[in-house]
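*Asks:* Below you will find the structure I want to go over with you.
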Amino acid sequence: MSVTDELKAAVQAQTNKSGDAGHPMEDFLRMDRIPHIWCPTCGIGVVVNCFARALEKIGIPLDDVAVVSGIGCTGRVAGYVKIDSFHTTHGRAIPFATGLKLGNPKLKVVVISGDGDLVSIGGNHFVHAARRNVDITVICVNNFNYAMTGGQMAATSPTDSILTTSPYGNFETPFNLPFLAESVGATYVARWTALHIHRQTEAMIDALTKPGFTFVEILAPCPTIFERRNKFGDGLDRLNYYYEHSEIKHGEPTANVDVGLRTKIIVGKFVDKDRPTWLDSMNSHLKRKLGDRFTPYEG
Amino acid sequence: MKADPKGVMTGAHYLDGDHACCEGALAAGCRFISGYPITPSTEVVERFASRIPIVGGVFIQMEDELASSIALQGAVWAGKKAMTVTSGPGFSLMMEHIGLAAMTECPCVFVNVQRGGPSTGLPTQPAQADMMQARWGSHGDYEIIALSPSSPQECFDFMIDAFNISEKYRVPVMFMMDECVGHMIERVSIPEADQIEITERNYTKLPPGEYLPFKPAENMVPEMCKVGDGHRIHVTGLTHDYRGYPAMNPEAQEEQVGRIVRKIRDQADDIVRYEEFDVEDADVVVISYGITHRVAVQAVRAARDKGIKVGMMRLIIVWPFPEKRIAELAEQGKALVMAELNYGQVFFEVDRCAKGKVPVILAGHGGGTVHETDYIVSKIEEAYQCR
């Protein structure tokens, strides 16, 4: 099946499901905020759609879920989902989510934000939340640039990317996010592209149902800036590029999954391991040390 | 409601201000601190880390002050009473999140045990030079409330007030200690839990669908909810409407930002708190706060002994500022001396409110230690002579 056919089938499936009752996503979206601000063929909407489906498949009551975003194009996700949602400051979605989760451990707390937000300005929080194994899921939409501000180079921009602050091509080495996430302790690490709607949904289900700091990277087209400046065409052309250049390698050592400007893209589930969460460690450790003097913390 | 006895260490204790501040927070119902070590505030979080496993709650040491100043806001929206603790350099890093707390009307407490600055400054020595930063440090227009204790007992007592006020006005409260007050050890008397009045968070009784998280209610302050209650709220640092939805236009700016300023300014008469003595017959009034208040008391007594009719005004809540009272004192022709551990911060507010009617003299000091009593006396004499 071609990419276009696959997309058509997905749209048809949604349409069939909802009949004529309204938008298939209206239970999940703040319809009074639609239309959204994202560009035509931007990949963020796909991620929101897959996230909604993942929650639906898990069957978790939406009142028990909270979404936290930072600043940027993906930072706007929090404003469109019809669940408790927080649009925080640039780079600080993860520490806000940490406080929210520890304040009420019964909540399912999900951070959805962009690459610049999570691993550049927010990089320190990313590494420490993973190290502590705070029980949150982080979904990173990686579009390889700072899109909201007009397309500046980012910590994830492949070497040689043309962007407004790398007009002659980026000469820096970008982060390999799965490698970063694994090395600082994430219990689950997967990467998919915006093309892989079923697989990214499954990855989100895995990540949302696994205790600890779980991380899903979604490579997403930025048609207005990254694709245009780097001659990848529009968003659909970029999906075709993903189709032709993605290689699924589950369990691939994350050190091998760098993304170059025009190299193949390794996708798959790379890490799935068990570690006690921060809160489990706190409760078990303090119980051991303090005995009956300890007041177990459940929120 | 009354305090939860689990957090109240009833009895007479010998504590420094930092430890007393922690006990005040526990008595006030604080069950979450996200902190980062920094002299001279560290003892607050050290004590909390030791006490909270027994009381029941969370201490998390974050990776920096950027993180600690927003993690507490997550905990607040989860339903906890929460605070963070820092000193000058950390306070500078927290500025953006003080703005977030003001904009999203997140009730919480920021403790700043002030040390000499700027930059790394004097880590182990006192100053009161973050007062204007506490008021204006984040970008944009907003108002906060700031308290200043001058003893360990007040660190305990005023912390309870700080949490209560933050809930009443849905505002971040700055608790402006200094190194001397933080590290001086004195008797601290902690009452029974049923003697401590606690302001509960004003949770809405409206059902989901009707509740609007930023619609002003009593005293211009919107009701609160917590995550998981089914209201499915949206909270953003962007200018927003009653629903919390981004609304980036001048009307929404006036409605939301205008209100978070007005809810404090227009109700300042209810919020301001100060104490005075010997003011009635005074020709000169010394104004001070925090540790400097204790030196100023000595100076006022010494000047009285010299025959100068001098009184004392001590600010407990520094922001909002008691503008009307300062104007009254000036109207009555009383020369004013502002004593503070900086080169003039609250001084400019006193000067502004006096409107040129009386001399306003700064008894400033760059910090590192407290004022010499004689220096404040000399400023009292100067004010007396040029009134």
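*Asks:* Go ahead and estimate [θ] at 222 nm for chain A from helices alone: -39,500 (n - 2.57) per DSSP H run with n ≥ 4, summed, over the residue count, rounded to 500. Spell out each step's value before the answer.
*Replies:* Numbers: 9 runs with 100 residues, N = 299.
It comes out at -10000 deg cm²/dmol, rounded to the nearest 500.
*Asks:* Taking Rh as the Kirkwood radius computed over C-alpha pairs, what is the Stokes-Einstein D of chain B at 10 °C in a medium of viscosity 1.306 mPa s, expressed in µm² per second?
*Replies:* 75
*Asks:* Compare the Cα positions of B:His293, B:Leu238, B:Trp136 along the charge dipole of chain B (+1 at Cβ of Lys, Arg; -1 at Cβ of Asp, Glu; about the Cα centre) and return the one farthest towards the positive end.
*Replies:* Most positive-ward Cα: B:Leu238.
*Asks:* Check each residue of the range B:231-249 and keep those whose accessible area, probe 1.4 Å, is at least 50 Å² smaller with all protein chains in place than in the chain alone; give them in order of residue number.
*Replies:* B:Arg232, B:His234, B:Tyr245
*Asks:* A further question follows. Given the options B:Ala49, B:Ala82, B:Ala146, which has the most mean-square fluctuation in a GNM of chain B, springs set between C-alpha atoms less than 10 angstrom apart?
*Replies:* Judging by the Gaussian network model, the answer is B:Ala49.
*Asks:* Roughly what would the spin-label model give for B:Asp266 and B:Glu254, points 7 Å off Cα along C-beta, in nm?
*Replies:* Spacing of the two 7 Å Cα→Cβ label points: 1.4 nm.
*Asks:* In peptide A:62-68, what is the residue-averaged number of other protein chain Cβ atoms found within 10 Å of each Cβ?
*Replies:* Working: counts 2, 7, 3, 3, 7, 1, 3.
Per residue, the average neighbour count from other chains is 4.
*Asks:* Along the range B:142-152, what does the Karplus equation 6.51 cos²θ - 1.76 cosθ + 1.60 (θ = phi - 60°) give for ³J(HN,Hα), rounded to whole Hz, x for Gly and Pro?
*Replies:* 6, 10, 10, 10, 10, 10, 9, x, 10, 7, x
*Asks:* Which residue, A:Ile265, A:Thr173, A:Val127, has the largest displacement toward the positive end of the dipole of the range A:38-293 when charges sit on each Cβ (Lys, Arg +1; Asp, Glu -1)?
*Replies:* A:Val127
*Asks:* So, with +1 on the Cβ of K and R and -1 on the Cβ of D and E, and no other charges, what is the size of the charge dipole of chain B about its Cα centre, to the nearest 20 debye?
*Replies:* 360
*Asks:* From the protein chains alone at 1.4 Å, what is the descending order of accessible area for B:Glu382, B:Glu63, largest first?
*Replies:* Result, largest first: B:Glu382, B:Glu63.
*Asks:* Assign unit charges at the C-beta atoms only (+1 for Lys and Arg, -1 for Asp and Glu), then state the dipole size of the protein assembly as shown relative to its Cα centre in Debye, rounded to the nearest 20.
*Replies:* 1100
*Asks:* What average count of beta carbons from other chains do you get within 10 Å of the Cβ of residues in A:279-285?
*Replies:* 1
*Asks:* Which order do peptides B:289-300, B:211-222 fall in by mean Cβ count within 10 Å, highest first?
*Replies:* Descending packing order for the listed peptides: B:289-300, B:211-222.
*Asks:* Evaluate the relative contact order of the range A:42-97 (contact order divided by residue number), counting alpha-carbon pairs under 8 angstrom at least 6 apart; express in whole percent.
*Replies:* The value is 29 percent.
*Asks:* Here's another thing I want to ask about it. Provide the gained length on full extension for the span B:Gln61 to B:Gln385, in nm with one decimal, where the gain is 0.36 nm per separating residue minus the Cα-Cα distance.
*Replies:* The span from B:Gln61 to B:Gln385 would gain 111.3 nm if fully extended.
*Asks:* Using just the C-alpha positions of the protein assembly as shown as equal point scatterers, what log10 of I(q)/I(0) does the Debye formula give at each q in 0.07 1/Å?
*Replies:* -0.51
*Asks:* Now for a different question. Please pull out the direction-averaged projected area of the range B:11-195, using the convex hull of its alpha-carbon atoms, in nm² to one decimal place.
*Replies:* Averaged projected area of the range B:11-195's Cα convex hull equals 9.2 nm².
*Asks:* Right, next: Suppose we look only past 16 Å in the calculated P(r) of the range A:110-165. What percent of the Cα-Cα pairs does that tail hold?
*Replies:* For the range A:110-165, the share of Cα pairs beyond 16 Å comes to 44 percent.
*Asks:* Work through the residues other than A:Asp32 whose Cβ is under 10 Å from its Cβ and net out their charges, Lys, Arg +1 and Asp, Glu -1.
*Replies:* The answer is +4.
*Asks:* Determine the principal axes of the Cα atoms in chain A, then give the extent along each, sorted from largest to smallest and rounded to whole angstroms.
*Replies:* 65, 51, 34
*Asks:* Here's another thing I want to ask about it. Given charges of +1 on the Cβ of Lys and Arg and -1 on the Cβ of Asp and Glu, with all other atoms neutral, how large is the dipole of the range A:38-293 about its Cα centre, in debye to the nearest 20?
*Replies:* The dipole of the range A:38-293 has a size of about 580 debye.
*Asks:* Let me ask you something else. Any chance you could give the angle, 0 to 90 degrees and rounded to 10, that helix A:3-18 forms with the longest Cα principal axis of chain A?
*Replies:* Orientation of helix A:3-18: about 50 degrees from the principal axis.
*Asks:* Return the carbon/sulfur percentage of the accessible area of chain A, one whole number, probe 1.4 Å, all protein chains in place. Write out the running numbers ahead of the final one.
*Replies:* Details: 6510 of 11900 Å².
Answer for chain A is 55 percent, counting heavy atoms of protein chains only.
*Asks:* Gain in length, B:Glu280 to B:Tyr242, computed as 0.36 nm per residue apart minus the alpha-carbon separation, to one decimal in nm? Kindly include the intermediate steps, with their values, before the conclusion.
*Replies:* On the way: separation 38, 0.36 × 38 = 13.68 nm, distance 4.71 nm.
Taking B:Glu280 through B:Tyr242 to full extension adds about 9.0 nm, to one decimal.
*Asks:* If R0 is 25 Å, what FRET efficiency do you get for A:Arg228 and A:Asp160 from their C-beta distance, rounded to 0.05? Spell out each step's value before the answer.
*Replies:* Working: r = 16 Å, r/R0 = 0.63.
Efficiency, from the Cβ-Cβ distance: 0.95.
*Asks:* Still on this model: Per the 1.4 Å probe, what fraction of the accessible area of the range B:11-195, in percent, lies on carbon and sulfur atoms?
*Replies:* 52
*Asks:* Just counting partner chain Cβ atoms within 10 Å, what average do the residues of peptide A:77-88 show around their Cβ? Numbers along the way, then the final one.
*Replies:* On the way: counts 0, 3, 8, 1, 2, 2, 4, 13, 7, 13, 9, 9.
Neighbouring Cβ atoms belonging to other protein chains average 6 per residue here.
*Asks:* Still on this structure, I have one more. Given a 1.4 angstrom probe, what's the average accessible area per residue across the range A:187-286, in square angstrom?
*Replies:* Values: 4030 Å² over 100 residues.
In whole numbers, the range A:187-286 has 40 Å² accessible per residue.
*Asks:* Once you've got the Cα coordinates, tell me which of B:Lys205/B:Lys263; A:Lys101/B:Lys263; A:Lys82/B:Lys81; A:Lys82/B:Lys168; A:Lys108/B:Lys80; A:Lys108/B:Lys215 are over 19 Å apart.
*Replies:* B:Lys205/B:Lys263; A:Lys101/B:Lys263; A:Lys82/B:Lys81; A:Lys82/B:Lys168; A:Lys108/B:Lys215
*Asks:* Just B:Lys205, B:Lys357, B:Lys226 to compare: in a GNM of chain B, with alpha carbon springs under 10 Å, which one fluctuates most?
*Replies:* For chain B, modelled as a Gaussian network with Cα springs under 10 Å, the answer is B:Lys205.
*Asks:* Only Cα pairs under 8 Å and at least 6 apart count here; give the relative contact order of the range B:275-385 as a rounded whole percent.
*Replies:* Relative contact order, the range B:275-385: 32 percent.
*Asks:* Now a separate question. Would any residue of the range A:109-149 have its amide N under 13 Å from a label point 7 Å out along Cα→Cβ of A:Ile58? List them or say none.
*Replies:* Taking a point 7 Å out along Cα→Cβ of A:Ile58, the residues of the range A:109-149 whose backbone N falls under 13 Å are A:109-112, A:135-139.
*Asks:* Check each residue of the range B:69-108 and keep those whose accessible area, probe 1.4 Å, is at least 20 Å² smaller with all protein chains in place than in the chain alone; give them in order of residue number.
*Replies:* Correct list: B:Ile70, B:Ala71, B:Gly74, B:Trp77, B:Ala78, B:Lys80, B:Glu96, B:His97, B:Leu100.
*Asks:* Something else: Using a Gaussian network model on chain A with a 10 Å cutoff between Cα atoms, which of A:Ile248, A:Ile197, A:Ile34 fluctuates the most?
*Replies:* With Cα springs under 10 Å in chain A, the top fluctuation among A:Ile248, A:Ile197, A:Ile34 is at A:Ile34.
*Asks:* Next question. Quantify, in whole percent, the carbon and sulfur part of the accessible surface of the range B:241-387 (1.4 Å probe; protein heavy atoms only).
*Replies:* Working: 2880 of 6340 Å².
Using a 1.4 Å probe with all protein chains present, the range B:241-387 comes out at 45 percent carbon and sulfur.
*Asks:* Could you state how much accessible area is buried at the B-A interface, both sides summed, with a 1.4 Å probe, in Å² to the nearest 100? Present the calculation step by step, with values, prior to reporting the outcome.
*Replies:* Values: alone 15260 and 13600 Å², together 25370 Å².
For chain B against chain A, roughly 3500 Å² becomes buried.
*Asks:* Which of rounded, prolate, oblate describes the range B:116-158, given a ≥ b ≥ c as roots of the alpha-carbon gyration tensor eigenvalues and a/c under 1.5 marking rounded, otherwise prolate only if a/b is larger than b/c?
*Replies:* Oblate, because a/c is 1.5 or more while a/b does not exceed b/c.
*Asks:* Could you give each residue of the range A:89-94 its phi-based ³J(HN,Hα) in whole Hz, using Karplus coefficients 6.51, -1.76, 1.60 with θ = phi - 60°, and x for Gly or Pro?
*Replies:* Working through the residues one at a time gives 9, 5, x, 10, 4, 5 Hz.
*Asks:* For the range B:89-248, rounded, prolate or oblate, judged on the Cα gyration tensor with a ≥ b ≥ c (square roots of eigenvalues), a/c < 1.5 rounded, else prolate if a/b > b/c?
*Replies:* Here the range B:89-248 falls in the oblate category.
*Asks:* Another question, then. If I model a spin label at B:Thr120 and B:Met1 as a point 7 Å from the Cα along the Cα→Cβ vector, what separation in nanometres do I get?
*Replies:* Each label point is offset 7 Å from its Cα along the Cβ direction, giving 4.6 nm.
*Asks:* Whole number in Å², please: accessible area per residue of chain B, 1.4 Å probe, ligands, DNA and RNA not counted.
*Replies:* Details: 13470 Å² over 387 residues.
Per-residue accessible area for chain B comes out at 35 Å².
*Asks:* Normalised radius of gyration for the range B:275-385, please: alpha carbon Rg relative to 2.2 N^0.38 Å, two decimal places.
*Replies:* Normalised by 2.2 N^0.38 Å, the Cα Rg of the range B:275-385 equals 0.93.
The values are calculated or read from the model by the stated rules, or taken from the named source; none is laboratory data. Computed from a predicted structure; not experimentally measured. Quick reminder, even Gly has a Cβ in these numbers, built from the backbone with ideal geometry, and neighbours come from all protein chains shown. Note: areas computed on protein heavy atoms with side chains; ligands, DNA, RNA excluded. Shrake-Rupley method; radii C 1.70, N 1.55, O 1.52, S 1.80 Å.
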